[in-house]
1. When you go through Thr324, Thr338 one by one, which is the residue that is modelled with pLDDT under 95, outside any strand (DSSP E or B), under 21 Å from Ala19 (Cβ atoms) and β-branched (Val, Ile, Thr)?
2. Residues that are in contact with a helix residue (DSSP H, G or I) (Cβ under 9 Å, 6 or more places away or on another chain) and closer than 30 Å to Ser182 by Cβ: which strands (runs of 3 or more DSSP E) entirely in the range 197-306 hold 3 or more of them?
3. Taking the options Gly245, Gly275, name whichever one is of a type in the set (Gly, Ala, Ser), crowded, with 17+ Cβ neighbours inside 10 Å and over 26 Å from Pro172 (Cβ atoms).
4. Test Lys104 against the criterion of being in contact with a Ser or Thr (Cβ under 6 Å, 6 or more places away or on another chain) and away from the ligand (no atom under 14 Å from the Cβ), and give yes or no.
5. Out of all the residues in the range 284-338, which are more than 16 Å from the ligand (Cβ to nearest atom), in contact (Cβ under 8 Å) with a residue 12 or more places away in the chain and of a type in the set (Asp, Glu)?
6. Of all residues in the range 241-296 being of a type in the set (Ser, Thr, Tyr) and out of contact with any Lys or Arg (no Cβ under 6 Å at 6 or more places or on another chain), which is farthest from Cys226 (Cα to Cα)?
7. Any residue in the range 107-118 that is in contact (Cβ under 8 Å) with a residue 60 or more places away in the chain, surrounded by fewer than 23 Cβ atoms within 10 Å (Cβ to Cβ) and more than 24 Å from Thr217 (Cα to Cα)?
Amino acid sequence: MIRVGVNGFGVIGRRVADAVAKQPDMKLVGIAKTRPDYKAQIAAQKGYTIFGSDDEAVKGFKTAGYSVGGTVKDLLAQVDVVVDACPEDVGKENKELYRKAGVKVIFQGGEDHEIAQVSFVAQCNYDLAKGKQFVRAVSCNTTGLSRTLHTLDQAFQIKRARVVIARRASDPDEPTKGPIDSVNLDPVTVPSHHGPDVQTVLPNIDIITMAYKIPTTHMHLHSLICTLKQNGVNEERVINALSEGPRILLVSQKQGIKATAHVMDYARELGRNRGDLYEPAIWKESIKVVDGELYFFMAVHQESIVVPENIDAIRAVLGATSKTESMAITDRSLAMLT
Ligand SMILES: NC(=O)c1ccc[n+]([C@@H]2O[C@H](COP(=O)([O-])OP(=O)(O)OC[C@H]3O[C@@H](n4cnc5c(N)ncnc54)[C@H](OP(=O)(O)O)[C@@H]3O)[C@@H](O)[C@H]2O)c1
């Protein structure tokens, strides 16, 4: 069994911890966080051992009546791999601790590419992560774009990709963040950082992105225009390629799915934890090819899309299984659709 710790138990950490607990070849040793809030209570109810981020945090948990496994250092002493799901840039501060403990680490997309030896998306570069100590599971937008562009590039060769990203303003558990009644250009300058981030996974893709924030919490919406090198590509071939591509979901307005709210409502019916949708959702009817240019809309559930990649990254750094085997185990355990 691969012994795994999860440091940070927020939006991503809670989901990764639950996914680790479901893997037949992994054992969740424990989770670490700073505060004894309702998320700590949930961890305790699930039987997860709680570790404090430092001595002060341990004291806080004990005062609040929790039994604690120790500090994060104690957690690191018991694991093969730690998933760092701390807030942006905290991973950077934790890196020395991990290095000293000699554990392998999966960082998240809020950290810079330079923190790790590989920026990871399973279908694109699983083998590159084999045996590495520091790997970064890229952000939600980068994961969605990498899966889709990789699939299209393999089928038709992408000459260039241009993407406009309407970003959710905040996650559902962040009630004080906005905008409430505005569309915020974020960043105002073009291009946004998302294109270069995709190139950390797919260095040969010519991609330029621009982004803004909209008053919603549940999904990002991408509008893509891809120029294809292969001639004679039509909508039917694109639909076939995307339906065969791993971890991509095609949705249709014929199902009544015309909005991100419908996608999430559909996802809630799938019976997964928290109504999560691990696959980017692409609208079939939006797929259009005009003069060698492919257009479509894609929605990304920011809270959950990176979960399967974190699980595969754990196996990859240990060289535990092949890409195909790891992705198959992950997909089965998470009831993935594709
Ligand atoms: N949210 C998304 O949509 C999303 C999508 C993809 C990738 N990411 C990336 O995933 C990472 C985590 O984001 P998130 O949204 O999950 O953050 P989050 O919801 O704010 O959760 C962060 C967690 O880290 C804990 N924490 C804070 N400081 C810590 C420390 N020094 N040691 C141990 N734990 C600490 C917090 O615990 P306490 O509450 O106890 O302080 C909390 O449980 C970031 O790099 C982010 O960019 C986020």
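1. Of the residues listed, the single one that is modelled with pLDDT under 95, outside any strand (DSSP E or B), under 21 Å from Ala19 (Cβ atoms) and β-branched (Val, Ile, Thr) is Thr338.
2. 207-214, 220-228, 281-283, 293-300
3. Answer to the check: Gly245.
4. no
5. Glu285, Glu293, Asp331 - these are the residues of the range 284-338 that are more than 16 Å from the ligand (Cβ to nearest atom), in contact (Cβ under 8 Å) with a residue 12 or more places away in the chain and of a type in the set (Asp, Glu).
6. Selected residue: Tyr266.
7. Yes, that holds for at least one residue.
The values are calculated or read from the model by the stated rules, or taken from the named source; none is laboratory data. Bear in mind that the values here come from a model prediction, so they are computed numbers and not experimental data. FYI the Cβ positions are ideal-geometry reconstructions off the backbone, even for glycines, and counts take in every protein chain you see.
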